[in-house]
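Below is one structure, written out as structure tokens, with a few remarks after it.
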Amino acid sequence: MTQKYENGNLVLNLDDDFDLGLCLDCGQAFRWKQDENGNWQGVAYSKKLSVIQNGDTVTFLDTTPEDFENIWSKYFDLKRNYREVVAGYTEENIKTACAQYPGIRILKQDEWEAICSFIISANNNIPRIKGIIERLCETFGEDTGDGYSFPQPDGQRDRKLYRHRRTYGQ
């Protein structure tokens, strides 16, 4: 993997299997949307990101080198060699799945957000889960100026829930 920073964007040239669309829309994360230009936009760890892939090139738009290193490189698990991991599998079903969907990575999400998303996902489909989580963030998350953070289990959330219940009579 090589990287360069230019005009506020971090550009990666990957030498490992990576499919941005499969990673972001396969059902493991629900806060990503693809726009009409192919850019994926989402929020993780209270940071908004726009990212696009063109072949082996992935461009992280309007991000800093610090945010890339501290958040996005870890979130997308970019330092792990997935070809080596897949080559070590011996179970035929796993090998078949990896061959059919190369480039999926396990996203390193905030644990609280992943747990809540998992609970919400029971008996739902991906578009509905995305809508529920978006409304949850807008109602109880913090406005970061670039989007809404995922609400954390703390006193601030309790005060927002109390105000929400009083406003809507629930």
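Testing the spin-label approximation: label points 7 Å from Cα along Cα→Cβ at Asp77 and Ile120. State their distance in nm.
2.2
Taking only Cα atoms of the chain, what ratio of Rg to Rh do you get with Rh as the Kirkwood inverse-distance radius?
1.01
Which GluC sites (Glu not before Pro) in the range 1-69 sit in a loop by DSSP (not H, G, I, E or B) and have at most 16 other Cβ atoms within 10 Å of their own Cβ?
Within the range 1-69, the qualifying GluC sites (Glu not before Pro) (loop, at most 16 other Cβ atoms within 10 Å) are Glu36.
Going by alpha carbons, how many degrees (0 to 90, nearest 10) lie between the helix axis of 126-140 and the longest principal axis of the chain?
That works out to roughly 50 degrees.
Build a GNM of the chain with springs between Cα atoms under 10 Å: which of Gln28, Gln152, Gln53 gets the top mean-square fluctuation?
Among Gln28, Gln152, Gln53, the largest GNM mean-square fluctuation belongs to Gln152.
Report relative contact order for the chain in percent, whole number only (criteria: Cα-Cα under 8 Å, sequence separation at least 6).
24
Estimate the FRET efficiency between Asn9 and Glu84 by the formula 1/(1 + (r/R0)^6), using the beta-carbon distance for r and 25 Å for R0, to the nearest 0.05.
0.30
Report, to the nearest whole %, how much of the accessible area of the chain belongs to carbon and sulfur atoms, 1.4 Å probe, protein only.
That share works out to 48 percent.
Quote the Stokes-Einstein diffusion coefficient, in whole µm² s⁻¹, for the range 4-43, based on the Kirkwood radius over alpha carbon pairs, a temperature of 20 °C and a viscosity of 1.002 mPa s.
Answer from the Stokes-Einstein relation: 180 µm²/s.
At 1.4 Å probe radius, can you tell me the per residue accessible area of the range 15-126 in Å²?
58
Compute the distance in nm between two label points, each set 7 Å from the Cα along the Cα-to-Cβ direction, one at Asp35 and one at Thr2.
Placing both labels 7 Å along Cα→Cβ, they lie 2.9 nm apart.
If the chain between Asn70 and Thr57 were fully stretched, how many nm would it gain, using 0.36 nm times the residue separation less the Cα-Cα distance?
2.7 nm
Which one of Pro65, Trp40, Pro151 is farthest out on the positive end of the charge dipole of the chain, using unit charges on Cβ (Lys, Arg +1; Asp, Glu -1) and the Cα centre as origin?
Looking along the dipole axis, the top candidate is Pro151.
The values are calculated or read from the model by the stated rules, or taken from the named source; none is laboratory data. On a predicted model such as this, the values are computed, not experimentally measured, just so you know. Ideal geometry is used to build each Cβ from the backbone, glycine not excepted, and the neighbour counts take in all protein chains shown. With ligands, DNA and RNA removed, areas are computed over all heavy atoms of the protein, side chains included. Shrake-Rupley method; radii C 1.70, N 1.55, O 1.52, S 1.80 Å.
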